[in-house]
Amino acid sequence: MIPFARLIYTVAAISSLKRGCRSNMIPTMENGVTNTPGLSVGIDLVSVARIERMVDRWGTKFLKRVFTDDEIAYSTSKARPALSLAARFAAKEAFFKAVSNRNVAGIGFKHIEVVVSENGNPTLVAHGPARQALAAESAALSISHDRELAVAIVVTSPEVKA
């Protein structure tokens, strides 16, 4: 677990991020609270309407290029699939931002999968080169959506338990 002081500092750093910004490492705080080596944060915000337009325009070609078969099956089982697809798209983008300071060559959208764990929480599963980019680290994921927007945040660290 992340100690409380580190968690508070991480939340403060995340709240200062602008859409699309990357935070490779949280700098050491001036008041002496220690830095968390290896902590990386990625965040992304996606318009649900944008995903709906992409699905309308490209259909299965878009879905098969970006999402795994299980993600497509899960999302299309929902009343409004674009909400679930947008959240998963945001999670993948957030993952790319969180690992942007590593060698990410060869990582595609389908190498990052969002699954629902037994307790109902979204969890990232990294395949192939995405798994190698994480090395010994783990990734924690939080996603949310409403009618218009989906947001995801990914925190990678040796200390974070997914």
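The values are calculated or read from the model by the stated rules, or taken from the named source; none is laboratory data. What you see is a predicted model, and the numbers here were worked out from it, not measured in a lab. Virtual Cβ from ideal backbone geometry, glycine too; neighbours counted across all protein chains shown.
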Please work out which one of (1) over 17 Å from Arg50 (Cβ atoms); (2) part of a loop (DSSP other than H, G, I, E, B) is the condition Arg147 fails and give its number. (1)
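Determine which member of the set Ala98, Ala82 is more than 14 Å from the chain's Cα centre (by Cα) and hydrophobic (A, V, I, L, M, F, W, C).
Details: Ala98 fails: more than 14 Å from the chain's Cα centre (by Cα).
The unique qualifying residue is Ala82.
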Search region 34-75 for residues being surrounded by 13 or more Cβ atoms within 10 Å (Cβ to Cβ) and among the hydroxyl-bearing types (Ser, Thr, Tyr), and hand back the single one that is nearest to Glu137 (Cα to Cα). Ser40
Count of residues meeting criterion [within 15 Å of Asp44 (Cβ to Cβ) and not in a loop (DSSP other than H, G, I, E, B)] in region 93-110: 7
Hey, does region 30-44 have a residue that's farther than 23 Å from Pro158 by Cα and free of Cβ contacts under 8 Å to residues at least 12 places away in the same chain? yes
Of the residues Glu118, Glu113, which single one is modelled with pLDDT of 85 or more and within 14 Å of the chain's Cα centre (by Cα)? Glu113
Region 124-144, residues that are β-branched (Val, Ile, Thr) and closer than 16 Å to Ile43 by Cα: Ile143
Residue count, region 64-92, condition touching a residue at least 60 places away in the same chain (Cβ under 8 Å) and assigned to a loop (DSSP other than H, G, I, E, B), comes to 0
